[in-house]
Each structure stands twice: as C-alpha cells, then as structure tokens.
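Notes follow once the structure below has been shown.
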Amino acid sequence: MIEIQNVRKSFGSLEVLKGIDLTVQKGEVLTVIGGSGSGKSTLLTCINGLEPIDSGRILLDGTEVHAKGTDLNKLRRKVGIVFQQWNAFPHLTVLENVMLAPRKVLGLPKAEAEAIAVKQLTHVGLGDKLKVYPSRLSGGQQQRMAIARALAMSPDYMLFDEVTSALDPQLVGEVLDTLRLLAQEGMTMICVTHEMKFAREVSDRVAFFHKGVMAEIAPPAELFGAPRTPELQTFLSATH
Ligand SMILES: Nc1ncnc2c1ncn2[C@@H]1O[C@H](COP(=O)(O)OP(=O)(O)OP(=O)(O)O)[C@@H](O)[C@H]1O
Ligand SMILES: [Mg+2]
C-alpha cells in the first residue's frame, strides 16, 4: 500500500504539491490527470524517493520513504518507474538491456537474469526482439522494453509517467495494451496519463491534479460523468 499524508513540496518559492493526501491500495490502478505543471510528475518522483519532500509522509508498505534511516535503494526496488522516454544502452541488445539491473542491482547470476529478462520481454510482446539493438525498435517497442526492464526487478508497484506521450498515435495502443495487461494481473499502478479513454477503462480511481492540489478523486464513471469542480470541467472540455 502507498500512503501519502499531507505531502508538501516546493521548488524554490513555487509550491508544487500543496498538502496531498492519497492512499493507493494493493492491486489498485490509480490514474492521475491534470494540466501541465500541476505536480503529477513531482508526485511520482517523491513516491520513489527521487525527490525529497518538505513536509508530510509517504509510506510504502509502512516504511517511510523520506525517513532518515530508510534504505532508499532497497525501497526503490519495490517501485518500478517508467517515463516518457528511456534511453537504453545502444551498444547492448534488448535482452542485455533488460538483464542489466537484475545482474548489477540484484546481483543475480547471468542465467537467472537472462531467464527473467526473456520472461518479461515475452510478457510485453517482445519475445522476438531479444537479440535486436534498441535503435531498431519502434517507439512503442522501446516503451515496452522500458516496461519489461522495470518488471525484471519484480516490483510491487509500478509508476508510469505519460509513457505514451512521445509516441506516434498508431503506437499508443500497443503500449496501453501492455498497461492494461499489468492492471488485469493485479499490479498496483499509478499512471499519469493524457489518455482519457484509457483512464476511464482501466482505473479503479482517477485523481485530478490542479496547481498542486488533488482537486478531485473518484472512480472513473463518477469523475468523468459528474465532475464537481469548475477546474475539472474546464480540463475535460479542453481534452475532449
Ligand atoms: N527539478 C525542478 N526544479 C524546479 N522546478 C521544477 C522541477 N521539477 C518540476 N518543477 C516545476 O514544478 C511544477 C510541477 O512540475 P511537474 O513536472 O510535477 O508537473 P506535471 O503535472 O508533471 O506537468 P506535465 O503535464 O507538463 O508533465 C512545474 O511548474 C515545474 O516547472
Ligand atoms: Mg509531468
């Protein structure tokens, strides 16, 4: 479970997260929507400890992410994060790229790391691209490789930050299908997305961020069907 309690975060004089309270249960799929600069990416980077917070607490399975004694490296292994773009190592094959973290971070023997990488690459539909170099993959395939790479660490949580935003429209679907599959398998996920149809179909709940505040959170039928705040109404009418 991810517990976010009254989290505040500023960059200089700009307060980006203004007291966020949010709990994500095991197996839950939460999507986060909201305008540019509303704090969505910052929330994700705070959850896995990439960014410090100013006040409040974030707990992962009861462990406080930003507490002094917390082993951040250990904690981060629980949390896979996939961004808009991930620069794979160009001189390594797809398989070698995905094997890297299990080898280096988990210290697994080569054969074991390879078996895990093959399994996860097959899972995301790249079983026939193992020996290919990343530059030969399409954008959608590269994103699925990035997802496989995160999954190879056996995370308990997956955070996705606009993983389809940099893709040509015809490649978006294959990546969203991979996210759907993970959701169906019960992965606990937070997905920042601009894909409203995806959010509507896949989410257990949708959170709407506006200027550092979580202005609304509700199951998708409710949030999209009956937005309560003028800010969400405006946002939705602009994105449709
Ligand atoms: N490292 C940083 N240093 C200074 N300001 C930052 C930093 N990261 C983010 N910000 C600022 O914090 C605010 C929130 O940024 P954030 O990236 O969380 O927004 P977002 O909701 O993800 O937006 P987008 O939809 O454009 O990705 C923005 O005004 C941004 O300029
Ligand atoms: Mg962002």
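The values are calculated or read from the model by the stated rules, or taken from the named source; none is laboratory data. Keep in mind that what you see is a predicted model, and the values were worked out from it rather than measured. Every residue, glycine among them, receives a Cβ derived from its backbone with ideal geometry; neighbour counts consider all protein chains shown. In case anyone asks, the SASA skips ligands and DNA or RNA and just uses the protein heavy atoms, side chains included. Shrake-Rupley method; radii C 1.70, N 1.55, O 1.52, S 1.80 Å.
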Long-range share for the stretch 60-137, i.e. C-alpha pairs more than 21 Å apart as a percent of all pairs, stands at 38 percent
Carbon/sulfur accessible area of the chain, % of total, 1.4 Å probe, equals 50 percent
The chain, Gaussian network, Cα under 10 Å: of 190, 147, 217, the residue fluctuating most is 217
Taking the stretch 20-151, the equivalent ellipsoid from its C-alpha gyration tensor has semi-axes in Å, biggest first, of 30, 18, 13
With x for Gly and Pro, the residue-by-residue ³J(HN,Hα) of the stretch 26-31, computed from phi through the Karplus equation 6.51 cos²θ - 1.76 cosθ + 1.60 at θ = phi - 60° and given in whole Hz, is 4, x, 7, 10, 10, 9
The answer for the chain, accessible area per residue at 1.4 Å probe in Å², is 47 Å²
Once both label points are put 7 Å beyond Cα along the C-beta direction, the residue 91-residue 111 separation in nm becomes 2.9 nm
From the cross-link list 78/119; 40/197; 131/197, the entries with a Cα-Cα span beyond 29 Å are 131/197
Per the Kirkwood formula over distinct C-alpha pairs, the hydrodynamic radius of the stretch 94-143 in angstrom is 11.0 Å
quick note, the chain, DSSP beta bridge pairs, % antiparallel (nearest 5) is 55 percent
Diffing the stretch 74-85: the Karplus 3J(HN,Hα) column from phi (6.51, -1.76, 1.60, θ = phi - 60°), in whole Hz with x for Gly and Pro, holds 5, 5, 5, 5, 6, 10, x, 10, 10, 9, 3, 9
Dipole check, the chain, charges on Cβ (K,R +1; D,E -1), about Cα centroid: among 214, 115, 192 the Cα furthest to the positive pole belongs to 115
The chain -> Rg/Rh from Cα coords, Kirkwood Rh, value 0.97
Between the alpha carbon centres of the stretch 10-89 and the stretch 110-182 the gap in Å comes to 22 Å
Given backbone amide H placed at 1.01 Å from N, residues whose amide H is under 5 Å from that of residue 15, ignoring those fewer than 5 places away on the same chain, are none
The helix 94-104 Cα axis meets the longest alpha-carbon principal axis of the chain at an angle in degrees, between 0 and 90 and rounded to 10, of 80 degrees
At q = 0.22, 0.26 Å⁻¹, the log10 of I(q)/I(0) for the stretch 1-71 from a Debye sum over equal Cα scatterers comes to -1.00, -1.32
Karplus ³J(HN,Hα) for the stretch 14-21 (6.51 cos²θ - 1.76 cosθ + 1.60, θ = phi - 60°; Hz, whole; x = Gly/Pro) runs 9, 7, 9, 10, 10, x, 8, 10
Stokes-Einstein D for the stretch 155-230 (25 °C, 0.890 mPa s, Kirkwood Rh from Cα pairs), in µm²/s, comes to 184 µm²/s
Here the Cα Rg-to-2.2 N^0.38 Å ratio for the stretch 99-240 is 1.21
In debye to the nearest 20, the charge dipole size for the chain, taken about the Cα centre with +1 at each Lys and Arg Cβ and -1 at each Asp and Glu Cβ, equals 560 debye
Which residues qualify? For residue 81, with a placed amide H closer than 5 Å and at least 5 residues away or on another chain, they are 159
One point scatterer per Cα, no solvent, Debye formula: log10 I(q)/I(0) for the stretch 133-172 at q = 0.20, 0.26, 0.27, 0.29 Å⁻¹ comes out as -0.65, -0.93, -0.97, -1.03
